[in-house]
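> Please read through the structure below; I'll follow up with questions.
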Number of protein chains: 2
Amino acid sequence: LNLILLEPEEVGPEGSVQLRGLRAVHLQNVLKVTPGQPVRVGLLDGSLGTGIVTAVGVDAVGLSCVFGENPPPRPAVDLLLAVPRPKVMRRMWAQLAALGVGRVVLTNAERVERPYFDTHMLHPDCYRPLLVEGLQQARDTLLPRVTIHRRFRVLVEDELDELCGSGIRLVADPGAKSQVESVVRRHTGGDHPRVLLAVGPEGGWNEFELRLLASRGFESVSMGPRTLRTDTACIALVALAHEALKGFRPAAAREG
Amino acid sequence: LNLILLEPEEVGPEGSVQLRGLRAVHLQNVLKVTPGQPVRVGLLDGSLGTGIVTAVGVDAVGLSCVFGENPPPRPAVDLLLAVPRPKVMRRMWAQLAALGVGRVVLTNAERVERPYFDTHMLHPDCYRPLLVEGLQQARDTLLPRVTIHRRFRVLVEDELDELCGSGIRLVADPGAKSQVESVVRRHTGGDHPRVLLAVGPEGGWNEFELRLLASRGFESVSMGPRTLRTDTACIALVALAHEALKGFRPAAAREG
């Protein structure tokens, strides 16, 4: 753990925290903390800070925490993802939170199998701890917002603008010719551009879905002819989008 | 499976193949093949082709195969990786083979824990099937070459040039300022440039290791301040290297 994340209700008056369970075990067995030692702490969806170890017990570690540092800015990449197999979805949560996504919009699509929607992997009790794990890895406190949508058309036509705003929209399509970077660099609007990245089911989006995405501003991108597992593709594409945005300078700066 | 990969010794005279086990089960239960149907096949480290289903039995599927199409060119990215935790290494094999790596050079480093070397995850019996799984996903036949090196200094000073040639060398270093793409684009030599990407242990390379890598031409790159798990970082960096190479035009083309 590069950061101990705390729920706001875990923090008592004057910043006192009593950790039990996995985080206490980690502090004792991996970081081998002793009283007086500082550890990095953060409030979920809140600020970063420092916790001084006050006590090390059999199964508990006491901390005295001071918060106040800003967490990293909300990641500028959002993911629109057709619900994948539960096993694949499970692998992705922590990695997406670590790489940094502002929002994960899970959607139905023709080639999404129905039982995928009923899995516990789509329940916050299951994915939230995995998101926290990823945030602790990356030293961030901002949980990606997760929403689940059973009607693709309603989502894309009526809800997506409000959810994700008017950023650069990309859809992964094996047949496309453009690279992520070239499409992102072509855009010039806004000082803080965001990328919304759409990744389809394993069998791909169908024709209707691709046309609907295109009609709502999604431009096709590809990483080449190799077919990747959904989790590999998402990790790679989110990283490519982040890198492309770093190379992005607002129109004003380029003209100046 | 997007491709059924075959060991050369599985192919009988006139291209006949008798599949049992997982591949036969997959053909029957997932692809639901019937006699006369074509499926994509490939010879490990050889050519691609087509297999016509000749028989579907209780636990076996017969194919009649014709080979002759070239597989994709050997991937132009190699990975020099400090041996990670076995669980992390296990997650990576198939994904690396799918994304495409020409070579995986596994090395010791100060912060690699000793037991990591004794794991069965470094044994071909364990990683080869995972590499095959990744190739079948990506429709490739060329197994990444894997070598394991216990002496980092000997590897870097004496063996690496022969193993990986004189391509563009990058080392992932959280403190670096440069992006993968900007370093790759700066290079101009050769018509078919390769990238050799070095990724350190979870605690990072030590000072000596970083200096030695720098002295052998490795340039530092970073994806930003977020600390990533080794597998996430490798997937992301290999994808970035591939994308950067696609944007790479040989010096002659740029001048012309």
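> Rolling a 1.4 angstrom probe over the protein chains, ignoring ligands and nucleic acids, what is the accessible area of B:Asp191 in square angstrom, nearest 10?
100
> Shifting gears a bit: Just to check I understand the Karplus step: with θ = phi - 60° and J = 6.51 cos²θ - 1.76 cosθ + 1.60, what whole-Hz values come out for the stretch B:31-43, glycine and proline as x?
7, 6, 6, 10, x, x, 7, x, 10, 6, 10, x, 9
> Taking amide H positions as placed 1.01 Å from N in the peptide plane, with prolines and chain starts having none, which residues 5 or more places from B:Ile4, or on another chain, fall under 5 Å of its amide H?
Amide H neighbours of B:Ile4, under 5 Å, 5+ apart: B:Arg40, B:Val41, B:Gly42.
> Using a 1.4 Å probe, how large is the accessible area of A:Leu106, given in Å² and rounded to the nearest 10?
0
> Taking each label point as 7 Å beyond Cα in the direction of the beta carbon, state the distances from A:Lys177 to the same residue in the other copies, shortest first, in nm.
For A:Lys177, the other copies' label points sit at 3.7 nm, shortest first.
> Using a 1.4 Å probe and ignoring any ligands, DNA or RNA, find the accessible area of B:His187 and quote it in Å² to the nearest 10.
60
> Read phi for every residue in the stretch A:144-155 and hand back ³J(HN,Hα) as whole Hz from Karplus 6.51 cos²θ - 1.76 cosθ + 1.60, θ = phi - 60°, with x for Gly and Pro.
Values per residue, Gly and Pro as x: x, 6, 10, 10, 10, 10, 8, 10, 4, 5, 4, 4 Hz.
> Past 27 Å, Cα to Cα, is the threshold; run A:Lys177/A:Lys246; B:Lys177/B:Lys246; A:Lys246/B:Lys246; A:Lys177/B:Lys87; A:Lys87/B:Lys246 against it and keep the listed order. The partial results should precede the final answer.
On the way: A:Lys177/A:Lys246 22 Å; B:Lys177/B:Lys246 22 Å; A:Lys246/B:Lys246 19 Å; A:Lys177/B:Lys87 36 Å; A:Lys87/B:Lys246 32 Å.
From A:Lys177/A:Lys246; B:Lys177/B:Lys246; A:Lys246/B:Lys246; A:Lys177/B:Lys87; A:Lys87/B:Lys246, over 27 Å: A:Lys177/B:Lys87; A:Lys87/B:Lys246.
> In what sequence, largest accessible area first, do A:Cys126, A:Cys234 appear using a 1.4 Å probe?
Details: A:Cys126 25, A:Cys234 0 Å².
Descending accessible area places them as A:Cys126, A:Cys234.
> Please report, in whole Å, how far the alpha carbons of the protein assembly as shown spread along each principal axis, starting with the longest.
If we take the Cα atoms of the protein assembly as shown, the spans are 79, 60, 58 Å.
> Quick check for me: using +1 on Lys/Arg Cβ and -1 on Asp/Glu Cβ, what's the dipole size of chain B about its Cα centre, in debye to the nearest 20?
Details: 30 positive and 29 negative charges, 145 e Å.
Computed about the Cα centre, the dipole is about 700 debye.
> Which whole number in µm²/s is D for the stretch A:160-249 by Stokes-Einstein, with the Kirkwood Rh taken over Cα pairs at 25 °C and 0.890 mPa s? If you can, show how the numbers build up before the last one.
Working: Rh = 13.4 Å.
Reported coefficient: 183 µm²/s.
> Using Cα-Cα distances under 8 Å and only pairs 6 or more residues apart, what relative contact order does chain A have, in percent?
On the way: 467 pairs, mean separation 49.7, N = 256.
Over chain A, the number comes to 19 percent.
> What does the charge count around A:Arg40 come to, taking other residues whose C-beta lies under 10 Å from its C-beta (Lys +1, Arg +1, Asp -1, Glu -1)? Show your work: numbers first, answer last.
Working: positive: A:Arg139; negative: A:Glu69.
The answer is 0.
> What's the angle, to the nearest 10 degrees (0 to 90), between helix A:86-99's Cα axis and the longest principal axis of chain A?
Compared with the principal axis, the helix lies near 70 degrees.
> Expressed as a whole percentage, what fraction of the accessible surface of the protein assembly as shown belongs to carbon and sulfur atoms when a 1.4 Å probe is rolled over the protein heavy atoms?
Working: 12230 of 23560 Å².
Here it works out to 52 percent.
> Right, here's the next one. To the nearest 10 degrees, how steep is helix A:124-138 against the longest Cα principal axis of chain A, on a 0 to 90 scale?
Once rounded, one gets 80 degrees.
> Just to be sure I understand: if I project the alpha-carbon convex hull of the stretch A:12-169 onto a plane and average over all orientations, what area do I get in nm²?
If I average the Cα hull's projected area over directions, I get 11.0 nm².
> Now, a different point. Quick one: net charge of B:Val221's neighbours, Cβ under 11 Å, K/R +1, D/E -1? The partial results should precede the final answer.
Numbers: positive: B:Arg169, B:Lys177; negative: A:Glu243, B:Asp173, B:Glu181, B:Glu219.
With Lys, Arg at +1 and Asp, Glu at -1, the net is -2.
> Please compute the average number of Cβ atoms from other chains found within 10 Å of each residue's Cβ in peptide B:220-227.
Working: counts 0, 0, 0, 6, 8, 4, 14, 8.
That works out to 5 on average.
> Ok, one more. What accessible area per residue comes out for the protein assembly as shown, rounded to a whole number of Å², with a 1.4 Å probe?
Numbers: 23560 Å² over 512 residues.
On a per-residue basis, 46 Å².
> I would also like to ask the following. With chain A rotated onto chain B, spot the residue of A whose Cβ lies nearest the axis and note the distance in whole Å.
In residue-and-Å form, the answer is A:Ile235, 2.
> Then there's this: Collect residues whose amide H, placed 1.01 Å from N in the peptide plane, falls under 5 Å from the amide H of B:His149; neighbours closer than 5 in sequence don't count.
When sequence neighbours closer than 5 places are left aside, the close amide H contacts are B:Leu106, B:Thr107, B:Asn108.
> Here's a follow-up. For the pairing of chain B with chain A, what total accessible surface becomes buried, with a 1.4 angstrom probe, in square angstrom to the nearest 100? Kindly include the intermediate steps, with their values, before the conclusion.
On the way: alone 13120 and 13120 Å², together 23560 Å².
Adding both sides of the contact gives about 2700 Å².
> Would you mind listing the distances between the B:Glu159 label point and the same position in each other copy? Use 7 Å along Cα-to-C-beta, nm, one decimal, shortest first.
5.4
> Still on this structure, please answer the following. Using the alpha carbons of the stretch A:103-215, what is the convex hull volume per residue in cubic angstrom, as a whole number? The partial results should precede the final answer.
Values: hull volume 15.6 nm³, N = 113.
Taking only Cα atoms, the stretch A:103-215 has a hull volume of 138 Å³ per residue.
The values are calculated or read from the model by the stated rules, or taken from the named source; none is laboratory data. Everything numeric here is computed off the predicted structure, so don't read it as measured data. Quick reminder, even Gly has a Cβ in these numbers, built from the backbone with ideal geometry, and neighbours come from all protein chains shown. All accessible areas refer to the heavy atoms of the entire protein, side chains included, with ligands and DNA or RNA removed. Shrake-Rupley method; radii C 1.70, N 1.55, O 1.52, S 1.80 Å.
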